[in-house]
Amino acid sequence: MNSFDFHTVSFLNQFAHLSGVLNNCLFLVEQSNLLTWVPITALLWWAWFKGDGQEDSNRKFVVTTIVAVA
């Protein structure tokens, strides 16, 4: 683990166990594929169908993003 990762994880861990409700909500999000992929899919659909006159550029971005993730 590099220094940046260590400091980021250390910073986020200081908030662990401060709120039972928040911990349960984050656990639910982490365990649920639906809650994980719906926002990502919505963003990609928004970028694909956005009508701003740059449809070709937007669609190239979406395809590039999907290929990069795969």
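Select from the range 1-57 the residues that are part of a helix (DSSP H, G or I), small (Gly, Ala, Ser) and closer than 21 Å to Val69 by Cβ and list them in ascending order. It would help to see each step written out before you state the result.
Step one: of the range 1-57, the residues part of a helix (DSSP H, G or I) are 3-13, 20-31, 33-49, 55-57.
Next, only the ones that are small (Gly, Ala, Ser) stay: 3, 10, 20, 42, 47, 57.
Residues satisfying the conditions are Ala42, Ala47, Ser57.
Only one of these is modelled with pLDDT of 85 or more, under 30 Å from Arg59 (Cα atoms), touching a helix residue (DSSP H, G or I) at 6+ places or on another chain (Cβ under 6 Å) and surrounded by 10 or more Cβ atoms within 10 Å (Cβ to Cβ): Ala42, Ala47. Name it.
Values: Ala42 fails: touching a helix residue (DSSP H, G or I) at 6+ places or on another chain (Cβ under 6 Å).
Going through Ala42, Ala47 in turn, the sole match is Ala47.
Within the range 17-39, can you find the residues that are surrounded by 11 or more Cβ atoms within 10 Å (Cβ to Cβ) and among the acidic types (Asp, Glu)?
none
Count, please, the residues in the range 1-13 that happen to be of a type in the set (S, T, N, Q) and at pLDDT below 85.
Quick first cut of the range 1-13, residues of a type in the set (S, T, N, Q) only: 2-3, 8, 10, 13.
With the extra rule that they be at pLDDT below 85, the set shrinks to 2, 13.
Summing the residues that are of a type in the set (S, T, N, Q) and at pLDDT below 85 in the range 1-13 gives 2.
The values are calculated or read from the model by the stated rules, or taken from the named source; none is laboratory data. From a predicted model like this one, the values you see are computed outputs, not experimental measurements. Positions of Cβ are generated from backbone atoms using ideal geometry, with glycine treated the same way; all protein chains shown enter the neighbour counts.
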